[in-house]
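Right, one structure below, let's go through it.
The values are calculated or read from the model by the stated rules, or taken from the named source; none is laboratory data. Note that the coordinates shown come from a computational prediction; the quantities given were computed from them, not determined experimentally. With ideal geometry, Cβ positions are generated from the backbone for all residues, glycine too; neighbour counts draw on all protein chains shown.
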Amino acid sequence: MPLPLAVDEAPNPWLSWTYLHDNSDAILAATRQHVTLTAISVGLGLLLALPLALLARRSGRLETLVVGAAGVIYTIPSLALFAVLAPLTGLTEKTVVIGLTAYTLLVLVRNVLAGLQGVPEEVVEAARGMGLGPTRLLLRVQLPLALPAILAGVRVATVSTVALVTVGAVVSNGGLGQLIFEGFNNNFYRAEILTATLLCVLLAAVADALLLALEWALTPWTRR
Amino acid sequence: MSVVGETVTWLTDSAHWHGVDGVPHRLVEHLAVSGISVALACVVALPLALALGHVGRGGPLAVNLANASRAVPTFGLLILLAVTPVGFGNRAAVVALTLFAIPPLLTNAYVGVRDVDREVREAARGMGMTGMQVLRKVELPLALPLIAAGLRTAAVQVVATATLAAYVGGGGLGRLIADGFGRADPGMTTAGGLLVAAFALTVEVLLAGLQRRVTPGSRRRRAVSGVDATLGLPPA
């Protein structure tokens, strides 16, 4: 038997204009935090994934090791990861960001690797023949050509991170997750819970569309 | 005492291994909720996926469903369901977990059946097989590796999400973490986190083994590297 809800006694609409109007500041603040947490986590993830992918492509063994380790992290439930991190890093945003960054690594490393491996050998040979050293080869030829794959990874990582940020509410800050949690503890305030959940989905869709536009702008050679 | 010390103390205290609050009982709860959810999701997703794959329709729907489901916060959905007539406790958890297990199962099984070689399918037809026989004797066996991949993704994800059920009055190992945070007991929190992580990794390893068993050697490489489109959600 489900427990009877206190909500059945007082009006508790799913969507409420009054809620939106009276709490617009709090909703905006939570949304801003949500965007910030996502951006920092995916940004840090990309910064880590690039060198990791460069390391991984050195040998099959290193690739198995790096991708395997990222895969193990990816399998750990977020609540468990936050639970293990929290006593070390405190009930802070740091815990949330470390966890979220760790989750982006699998998708990002795999996509950077796939992008680099997809660069045709002839192109690399030609660039070498033109006298490009390893660094310039990477920066001017390989990374640009890997860009579509890398950005595809960033899109997947961003969309999943937006959804995952909410769990951060359990340890310190979960952006819109804060409102979801608060609404639940605040006598099951449906309008607050549904509004925050819908905003999460909307945020993910907007982020995905923006990244798609960025990909379009950065890779003019893929369309003709 | 250090966190490590407190965690070891918590884990080695025999009181934590007995009764309703004990680790074994929580593990059984976790397994039951996850198992029921995955089974229900299979009942819904697999027949639909096989039918769609067999007639070669609904592809964009099946594939986009998995992608779109990434954007829905599990935590939000779990809590939303708890404040509907579904109520909270394990029932809300099962409904939410089933919903989240459907996309990976559906997408993988659909792709598995759809990608069966056209010539193989036509040869089976030519031998006089009916549509049903083609599905059962040709398409299903050939799709098995991807169906297993979907099962693995779905199960690992369900086990992860089931942890969050503790916050809507559900049981399972997540209770240890939720209660650990609630009592500000770092030993309990960390012990819970480690147990949940170990459990999730065990499920992953076991199902990866199953997936490998039903995947013929020649297709293993593909089955492993081909998961991009069907990569699971990050652990909720």
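The residues listed here are B:29, B:6; of these, the one that is within 14 Å of chain A (Cβ to nearest Cβ) and assigned to a helix (DSSP H, G or I) is B:6. The listed residues are A:166, A:195, and the only one of them that is more than 28 Å from residue A:113 (Cβ to Cβ), buried (at least 19 other Cβ atoms within 10 Å of the Cβ), facing chain B (nearest Cβ under 8 Å) and of a type in the set (Val, Ile, Thr) turns out to be A:166. Taking the range A:183-192 as the range and being in a helix (DSSP H, G or I), more than 8 Å from every other protein chain (Cβ to nearest Cβ) and touching a residue at least 12 places away in the same chain (Cβ under 8 Å) as the test, the residues that pass are A:191, A:192.
For the range A:208-219, check the following and say yes or no: at least one residue is out of contact with any His (no Cβ under 9 Å at 6 or more places or on another chain), modelled with pLDDT of 85 or more and within 9 Å of chain B (Cβ to nearest Cβ). The answer is yes, given that some residue of the range A:208-219 is out of contact with any His (no Cβ under 9 Å at 6 or more places or on another chain), modelled with pLDDT of 85 or more and within 9 Å of chain B (Cβ to nearest Cβ).
For the range B:138-197, a tally of residues being facing another protein chain (nearest Cβ under 8 Å), under 15 Å from the mean Cα position of the chain (by Cα) and among the hydrophobic types (A, V, I, L, M, F, W, C) returns 6. When residue A:106 is tested against (1) surrounded by 12 or more Cβ atoms within 10 Å (Cβ to Cβ); (2) farther than 25 Å from residue B:155 by Cα, just one condition goes unmet, and that condition is (2). Listed by position, the helices (runs of 4 or more DSSP H) contained in the range B:174-236 that have at least 3 residues being modelled with pLDDT under 85 and over 23 Å from residue B:103 (Cβ atoms) are B:217-225. Among the residues making up the range A:147-158, a single one is at the interface with chain B (Cβ under 9 Å from one of its Cβ atoms) and either crowded, with 24+ Cβ neighbours inside 10 Å or outside any helix (DSSP H, G or I) (or both): A:157.
Going residue by residue through the range B:73-91, is there one that turns out to be within 14 Å of another protein chain (Cβ to nearest Cβ), surrounded by fewer than 17 Cβ atoms within 10 Å (Cβ to Cβ) and part of a helix (DSSP H, G or I)? Among the residues of the range B:73-91, not one is within 14 Å of another protein chain (Cβ to nearest Cβ), surrounded by fewer than 17 Cβ atoms within 10 Å (Cβ to Cβ) and part of a helix (DSSP H, G or I), which makes the answer no.
If a residue must be at positive phi and surrounded by 21 or more Cβ atoms within 10 Å (Cβ to Cβ), how many such residues does the range A:59-103 contain? The number of residues fulfilling the criteria is 0.
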